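**Q** One structure, pasted below without further comment.
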């Protein structure tokens, strides 16, 4: 086995050869978001185009660079020129780009979204720098620094970009010194609670035991959340490097990665990374000649939301049903198989190599006092520029949603932060900084990083019902405040959405939510009522409209609205008839159309197509039934 330094030199040479290649290099975003958008079809099409035109090029599959709304992304780097990025590429547009750029030398600036200015190049043919585009410019990429740039299945790419330097530096120090550096950096757990990372480590380090464990929590069950998956798919080695650093610090010789079994691509890339690490002497016995031994197990979970809770996760790893247990003892003292165990989030571990490589002072230049560093978020929902982002802690919600995300498609209404366990914040909270304490004071949480933007077409009653339905089904059922409380809350919300509720139901709903929050056994049960509590707090008038007026302002609660065609405006264009999925609309061309209420599922498709048809003149309207209980 060659030495680590020799392997790094070889990796650097191969990386330099790739960057200075005399044939074009085509990069494709091939993470889950890219593949879902059709990247693999584009890759196959590009191979065929190159073959047909007898062109040479090297194809490199990379992870998600962030702007998922642009996928599939294709970047082309011609020899001696900067890498140029093209968005929403199809097989047809790929043919046009390649044949123009490769054969005619025209990169088609009108189709490009940005360039990366490598090799000292500035603006090319009017194409802006990729990281100067609106979504990317306000961001700071620390943990995501490699995502979208390296082949996640090629360890040489990681080694050539300062990979495992942080681990090498850590192994030159004592475990206590490593913990002290992390403490000085002020790193807080990115799993949601924001507990200081070093404090958990110190507790575990101080416990005497013949075996200790380190677990990386990839149990990402929040609807709309994909930060952990995307990081592993784009840069698995940064997470594995952080896992070994943390294990060394607490004295653990065995680590687990607990990951959702449906994260197929992430699992495959983790396994490939682990194999490559072992061949490089980065896994197994005597890592980097330090005397530190470490083994790794990848444990696939069923994706249960409750297994995001530490003690439930431990139970699942042990082969039992994932159910929380009372604490103390805390896992740091008595965890997996009864041994001291630390569980850290993917992003927490992915941040460690940066801190050990660059130092605590470097890390503290990002963020704000008490909330140092950056945080990744999955920005989704009714937002123009959705995707994976990374910003310094302390960034305001307004900047994230409007500057980075481009705002909502229709007038902004609210943002749900922290997933099902988080809270729904109205526009009056847009100027609060995204910090652990400020988010909690607003009645929400930062969570692991899910951020769902909502516009005027969102009904808060429907929103609360959706999240409560989710947490109620995901409840392990161990404690009655969560098991029974969430069921009763769902029942009341269903009554409100159907117009069958009374004024006292809001009082019952509030009381149930507060009781479940106080009395549930684990953090997930305690936070499950947050969507109800925050929507009641910030959008009480909307609840009252449902209860008193039997009216849904957003026209989402189907039992409270009806669709009506104005006979004076309908010109019989049949666009609504063509788009109706249940054939509830009838009428001959150029004649008045009618809606069959028994068939109508109130999907809003006819309203939307008529609303933006200048010929029809918005002939379809949504009206409240104004039912009386």
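**Q** Where in region 354-429 are the strands (runs of 3 or more DSSP E), entirely inside, with at least 3 residues that are in contact (Cβ under 8 Å) with a residue 40 or more places away in the chain and more than 30 Å from residue 169 (Cβ to Cβ)?
**A** Correct list: 374-381, 412-417, 423-426.
**Q** Which members of region 4-33 meet the condition of being touching a strand residue (DSSP E or B) at 6+ places or on another chain (Cβ under 7 Å) and free of Cβ contacts under 8 Å to residues at least 40 places away in the same chain? Please lay out each step first, then the result.
**A** Here is the first cut: in region 4-33, the residues touching a strand residue (DSSP E or B) at 6+ places or on another chain (Cβ under 7 Å) are 18, 21, 23-30.
30 - this is the single residue of region 4-33 that is touching a strand residue (DSSP E or B) at 6+ places or on another chain (Cβ under 7 Å) and free of Cβ contacts under 8 Å to residues at least 40 places away in the same chain.
**Q** Confirm whether residue 284 is more than 14 Å from residue 213 (Cβ to Cβ), assigned by TED's automatic domain parsing to the domain that holds residue 168 and modelled with pLDDT under 95.
**A** Working: more than 14 Å from residue 213 (Cβ to Cβ): yes; assigned by TED's automatic domain parsing to the domain that holds residue 168: yes; modelled with pLDDT under 95: no.
In short, no.
**Q** Which condition does residue 431 not pass, out of (1) in contact with a helix residue (DSSP H, G or I) (Cβ under 9 Å, 6 or more places away or on another chain); (2) closer than 25 Å to residue 219 by Cβ, if it passes all the others?
**A** (2)
**Q** How do the strands (runs of 3 or more DSSP E) wholly within region 189-307 filter down when requiring 2 or more residues that are under 29 Å from residue 423 (Cα atoms): which remain?
**A** 213-218, 254-260
**Q** For the condition touching a helix residue (DSSP H, G or I) at 6+ places or on another chain (Cβ under 6 Å) and surrounded by fewer than 16 Cβ atoms within 10 Å (Cβ to Cβ), what is the one hit in 138, 109, 134?
**A** Exactly one of 138, 109, 134 is touching a helix residue (DSSP H, G or I) at 6+ places or on another chain (Cβ under 6 Å) and surrounded by fewer than 16 Cβ atoms within 10 Å (Cβ to Cβ), namely 138.
**Q** For residue 313, are the conditions met, namely being closer than 20 Å to residue 473 by Cα and at pLDDT 95 or above?
**A** Working: closer than 20 Å to residue 473 by Cα: yes; at pLDDT 95 or above: yes.
In short, yes.
**Q** What helices (runs of 4 or more DSSP H) completely inside region 520-629 contain at least 1 residues that are assigned by TED's automatic domain parsing to the domain that holds residue 485 and surrounded by 15 or more Cβ atoms within 10 Å (Cβ to Cβ)? Show your work before the answer.
**A** On the way: elements: 523-527, 530-538, 540-544, 575-579, 605-611.
The qualifying helices (runs of 4 or more DSSP H) are 523-527, 530-538, 540-544.
**Q** Please indicate, with yes or no, whether at least one residue in region 148-156 is assigned to a loop (DSSP other than H, G, I, E, B), surrounded by 21 or more Cβ atoms within 10 Å (Cβ to Cβ), on the phi > 0 side of the Ramachandran plot and at pLDDT 95 or above.
**A** The answer is yes, given that some residue of region 148-156 is assigned to a loop (DSSP other than H, G, I, E, B), surrounded by 21 or more Cβ atoms within 10 Å (Cβ to Cβ), on the phi > 0 side of the Ramachandran plot and at pLDDT 95 or above.
**Q** Something else about it: Check off (1) in contact with a strand residue (DSSP E or B) (Cβ under 7 Å, 6 or more places away or on another chain); (2) within 26 Å of residue 328 (Cβ to Cβ); (3) surrounded by fewer than 22 Cβ atoms within 10 Å (Cβ to Cβ) for residue 217 and give me the number that stays unchecked.
**A** (3)
**Q** Can you find even one residue in region 446-458 that is closer than 20 Å to residue 137 by Cα, touching a residue at least 24 places away in the same chain (Cβ under 8 Å), in contact with a helix residue (DSSP H, G or I) (Cβ under 6 Å, 6 or more places away or on another chain) and surrounded by fewer than 23 Cβ atoms within 10 Å (Cβ to Cβ)?
**A** No, region 446-458 contains no residue that is closer than 20 Å to residue 137 by Cα, touching a residue at least 24 places away in the same chain (Cβ under 8 Å), in contact with a helix residue (DSSP H, G or I) (Cβ under 6 Å, 6 or more places away or on another chain) and surrounded by fewer than 23 Cβ atoms within 10 Å (Cβ to Cβ).
**Q** Moving on. Given the conditions (1) over 17 Å from residue 167 (Cβ atoms); (2) not in a loop (DSSP other than H, G, I, E, B), and given that residue 344 satisfies all but one, which numbered condition is not satisfied?
**A** Result: residue 344 fails condition (1) only.
**Q** May I pose another question? Is it the case that region 173-193 has a residue that's without any contact (Cβ under 8 Å) to a residue 60 or more places away in the chain and under 30 Å from residue 13 (Cβ atoms)?
**A** Yes: region 173-193 contains one or more residues that are without any contact (Cβ under 8 Å) to a residue 60 or more places away in the chain and under 30 Å from residue 13 (Cβ atoms).
**Q** Being within 29 Å of residue 358 (Cβ to Cβ) and surrounded by fewer than 23 Cβ atoms within 10 Å (Cβ to Cβ) narrows it down to one of 411, 392, so name that one.
**A** Working: 411 fails: within 29 Å of residue 358 (Cβ to Cβ).
Checking each option against the conditions leaves just 392.
**Q** Report yes if some residue within region 341-358 is surrounded by fewer than 21 Cβ atoms within 10 Å (Cβ to Cβ), in contact with a helix residue (DSSP H, G or I) (Cβ under 6 Å, 6 or more places away or on another chain) and modelled with pLDDT of 95 or more; otherwise report no. Write out each step before concluding.
**A** Step one: list which residues in region 341-358 are surrounded by fewer than 21 Cβ atoms within 10 Å (Cβ to Cβ), which gives 357-358.
Checking which are in contact with a helix residue (DSSP H, G or I) (Cβ under 6 Å, 6 or more places away or on another chain) leaves us with 357.
Among the residues that remain, those that are also modelled with pLDDT of 95 or more are: 357.
Yes, the conditions are met somewhere in region 341-358.
The values are calculated or read from the model by the stated rules, or taken from the named source; none is laboratory data. What you see is a predicted model, and the numbers here were worked out from it, not measured in a lab. Cβ: placed from backbone, ideal geometry, glycine included. Neighbour counts: every protein chain shown.
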